[in-house]
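The values are calculated or read from the model by the stated rules, or taken from the named source; none is laboratory data. As the structure is a prediction and not an experimental result, all values here were calculated from the model. Using ideal geometry, Cβ is built from the backbone for each residue, glycine included, and neighbour counts are taken over all protein chains shown. Calculation scope for accessible area: heavy atoms of the full protein, side chains included, ligands and nucleic acids excluded. Shrake-Rupley method; radii C 1.70, N 1.55, O 1.52, S 1.80 Å.
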Amino acid sequence: MRSNGMEKGMARKLELVTYGAKVLRQKAAPIEEITDEIRRLGQEMLQAMYAEGGVGLAAPQVGISKRILVLDGTSVDPAIRPMVLINPEISDREGEEVGREGCLSLPGIEVEVKRSQKIHVQGRSLEGETLEFDAKGFFARIIQHETDHLNGILLIDYLKPMERILAIWKLRKRGWREDSEFLKEKDKQAITQNTMIG
Ligand code: ZN
């Protein structure tokens, strides 16, 4: 029996890719038309994000080079509601704030990243509506982290050269040519929930 795949539990399970996957370094392509396939992808990305314990996820992290991201920050701040953003654009950056972030694509790595405190965001919803809003604090941080993924930028790019070499060494040591299988439970626990962005 096949269904339209939109019901919970019927969707294909998306596989996370981790450091070493080329797709993480590519600039993702804009989505020209919001098709059924894109709508299904948005739903499946939300499910994958919940399954992995992130508060955000960008399509390149599941091996798809398209400009779509999902987020749900309610575990940290009830005001950061579940959202799917297509072709997000950030403008009007204000202020700066340093915070620790973890990334589902970089198991075992945490980085202090300076982000804009407040941003203006434009994009489209899964229904094709134009979305335009201001985001600040942790909400703004999630969107900046995920938008980085759409541009092929990873947390380790914010490290000083020596720290970056050490982080890459740590990732390689884990066997970075493999996929998410080595995102072991202990690594998830090692990163505090508040810092795991996605
Ligand atoms: Zn990430």
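Looking at the structure I just gave you, is Thr147 at pLDDT below 95, within 14 Å of the chain's Cα centre (by Cα) and open to solvent by 10 Å² or more (accessible area, probe 1.4 Å)?
no
Which residue, of Glu101, Glu33, Glu44, is outside the structural domain of Lys170 (by TED's automatic domain parsing), open to solvent by 30 Å² or more (accessible area, probe 1.4 Å) and of a type in the set (Asp, Glu)?
Within the list Glu101, Glu33, Glu44, the selection yields Glu33.
Say we look at the range 111-138 and pick out the residues that are assigned to a loop (DSSP other than H, G, I, E, B) and open to solvent by less than 60 Å² (accessible area, probe 1.4 Å); which of these is farthest from Gly42 (Cα to Cα)?
Residues of the range 111-138 assigned to a loop (DSSP other than H, G, I, E, B): 125-129.
With the extra rule that they be open to solvent by less than 60 Å² (accessible area, probe 1.4 Å), the set shrinks to 125-126, 128.
Numbers: Ser125: 10, Leu126: 7, Gly128: 12 Å.
Looking at residues that are assigned to a loop (DSSP other than H, G, I, E, B) and open to solvent by less than 60 Å² (accessible area, probe 1.4 Å), I get Gly128.
Give the residue, chosen from Gly73, Gly108, that is in a loop (DSSP other than H, G, I, E, B), open to solvent by 20 Å² or more (accessible area, probe 1.4 Å) and within 15 Å of the ligand (Cβ to nearest atom).
Working: Gly73 fails: open to solvent by 20 Å² or more (accessible area, probe 1.4 Å).
On inspection, the qualifying residue turns out to be Gly108.
Residue-by-condition table, conditions (1) within 16 Å of the ligand (Cβ to nearest atom); (2) modelled with pLDDT under 85; (3) open to solvent by 10 Å² or more (accessible area, probe 1.4 Å); (4) assigned to a loop (DSSP other than H, G, I, E, B):
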position: Ile165; (1), (2), (3), (4): no, no, yes, no
position: Ile168; (1), (2), (3), (4): yes, no, yes, no
position: Arg177; (1), (2), (3), (4): no, yes, yes, yes
position: Asp187; (1), (2), (3), (4): yes, yes, yes, no
position: Gln193; (1), (2), (3), (4): yes, yes, yes, yes
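For the range 77-110, enumerate the residues that are in contact with a Phe, Trp or Tyr (Cβ under 6 Å, 6 or more places away or on another chain) and among the β-branched types (Val, Ile, Thr).
Within the range 77-110, Ile80 is the sole residue that qualifies.
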